[in-house]
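J.: I have a structure here, written as structure tokens, and I will follow up with some questions on it.
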Amino acid sequence: MRSVIVTEASRGLGLGIARRLASDGYRVIAVARNRSEALTDAIGHAQTQARGEICFAPFDLVRIDAVHEFVRLLRRAHGPIWALVNNAGISVEGLLASAATADIEQVVRINVTAPMILTKHVARAMMSAGEGRVVNMSSIVASTGYAGLSVYAATKASMVGFTRSLARELGPVGVTVNAVAPGFVDTDLTAHMTPENRGRVANRAALRRMPGTEDVASAVAWLLSDEASNITGTVLTVDAGATA
């Protein structure tokens, strides 16, 4: 059974991705600071209903200096890591001019620095094995922009550049690196939106709706599948046609 790390898998997109990958037969290592009730339910469901499994691995990605040891312990417990899904992300809302410097630094640390360092340590073993998959979570705001999300958008744009460059670094040894760019999806990050704002967002999309968590999870699952073995350095947009 192939092992896949999914960061921030206790809720939202990460939890949806973990559930889908477990149903596809992967051993999902669900990384999060705390084990949510929803994650506990997903672990139990996978034990009885899925072809794979979900294992909880508590870790705070703010602790960048501890990432190396954390990855070493994961390998000892679960064997080789075949794929990494860098899903963890936070946002600070509001105008940049009024944002606290500490908040900006925290967003950059979680959204950019932590996934880069985690990928560094996971990819080393992939390079030795001559195979592996990395999927980075970006966002359509990386290319469209969105008022009040300048810091978040900047971090998600950086993941696109990271994806494309790393794909060229790891391609010669058989490792693919891709990104998924969701539109506005019904998760904790969009929970603050009023029904009117949700309606406006949906109406801007070609399909006149917002994509669901399962749509994003399906995109990630496809990038990990054999069908995507020759796909690397690309950004797969899942936004119901909002950027069409």
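J.: Please enumerate the residues belonging to the stretch 165-195 that are in a helix (DSSP H, G or I), in contact (Cβ under 8 Å) with a residue 24 or more places away in the chain and more than 22 Å from R109 (Cβ to Cβ).
T.: Scanning the stretch 165-195 gives A167, R168, L170, G171, V173.
J.: Sticking with this structure for a sec: Mind checking whether some residue in the stretch 201-218 is of a type in the set (D, E, K, R) and either touching a strand residue (DSSP E or B) at 6+ places or on another chain (Cβ under 7 Å) or under 20 Å from S158 (Cβ atoms) (or both)? Give the derivation first.
T.: To start, the set of residues in the stretch 201-218 that are of a type in the set (D, E, K, R) comprises 204, 208-209, 214-215.
Those still in the list that are either touching a strand residue (DSSP E or B) at 6+ places or on another chain (Cβ under 7 Å) or under 20 Å from S158 (Cβ atoms) (or both) too: 215.
Taking every residue of the stretch 201-218 in turn, at least one turns out to be of a type in the set (D, E, K, R) and either touching a strand residue (DSSP E or B) at 6+ places or on another chain (Cβ under 7 Å) or under 20 Å from S158 (Cβ atoms) (or both).
J.: From the list D65, D41, D24, which residue is surrounded by fewer than 24 Cβ atoms within 10 Å (Cβ to Cβ), within 26 Å of V112 (Cα to Cα) and at pLDDT 95 or above?
T.: Criteria check complete, one pass: D65.
J.: Also, I was wondering about something else. From the list V92, V141, exactly one residue is in contact with a Phe, Trp or Tyr (Cβ under 8 Å, 6 or more places away or on another chain), open to solvent by 20 Å² or more (accessible area, probe 1.4 Å) and more than 26 Å from R2 (Cβ to Cβ). Which is it?
T.: Details: V141 fails: open to solvent by 20 Å² or more (accessible area, probe 1.4 Å).
Answer to the selection: V92.
J.: Could you tell me which residue of the stretch 68-89 is surrounded by the most Cβ atoms within 10 Å (Cβ to Cβ), considering only residues that are in contact with a helix residue (DSSP H, G or I) (Cβ under 6 Å, 6 or more places away or on another chain) and in a helix (DSSP H, G or I)?
T.: Of everything passing the filter in the stretch 68-89, V71 is surrounded by the most Cβ atoms within 10 Å (Cβ to Cβ).
J.: While we're looking at this one, here's another question. Identify all residues within the stretch 123-146 that are free of Cβ contacts under 8 Å to residues at least 24 places away in the same chain and assigned to a loop (DSSP other than H, G, I, E, B); write none if there are none.
T.: G145, Y146
J.: Take the stretch 42-67 and flag every residue that is assigned to a helix (DSSP H, G or I) and of a type in the set (V, I, T). Spell out the reasoning first.
T.: Of all residues in the stretch 42-67, those assigned to a helix (DSSP H, G or I) come to 42-49, 64-67.
Of everything in the stretch 42-67, those that are assigned to a helix (DSSP H, G or I) and of a type in the set (V, I, T) turn out to be I43, T48, I64, V67.
J.: Turning to a different aspect of this structure: I need the full set of residues from the stretch 1-41 which are in contact with a helix residue (DSSP H, G or I) (Cβ under 8 Å, 6 or more places away or on another chain), part of a loop (DSSP other than H, G, I, E, B) and at positive phi, in order please.
T.: E8
J.: Next question. How many of the residues making up the stretch 147-173 are more than 18 Å from T113 (Cα to Cα) and surrounded by 14 or more Cβ atoms within 10 Å (Cβ to Cβ)?
T.: Residues that pass the stated criteria total 4.
J.: Taking the condition among the small types (G, A, S), open to solvent by less than 80 Å² (accessible area, probe 1.4 Å) and at pLDDT 95 or above, does A46 pass?
T.: Criteria met by A46.
J.: Between residues in the stretch 205-226 that are among the acidic types (D, E) and residues that are open to solvent by 10 Å² or more (accessible area, probe 1.4 Å), which pairs lie under 6 Å by C-beta distance while being six or more apart or on different chains?
T.: D215/V238
J.: Okay, next question. Within the stretch 95-122, which residues are assigned to a loop (DSSP other than H, G, I, E, B) and either touching a residue at least 60 places away in the same chain (Cβ under 8 Å) or surrounded by fewer than 16 Cβ atoms within 10 Å (Cβ to Cβ) (or both)?
T.: L95, A100 - these are the residues of the stretch 95-122 that are assigned to a loop (DSSP other than H, G, I, E, B) and either touching a residue at least 60 places away in the same chain (Cβ under 8 Å) or surrounded by fewer than 16 Cβ atoms within 10 Å (Cβ to Cβ) (or both).
The values are calculated or read from the model by the stated rules, or taken from the named source; none is laboratory data. Just so it is clear, the model here is predicted, and its values are computed rather than measured. Methodologically, a virtual Cβ is constructed for each residue, glycine included, from the backbone with ideal geometry; neighbour enumeration extends over all protein chains shown. The protein model used for the area step is the full one, side chains on, heavy atoms only, and it has no ligands, DNA or RNA in it. Shrake-Rupley method; radii C 1.70, N 1.55, O 1.52, S 1.80 Å.
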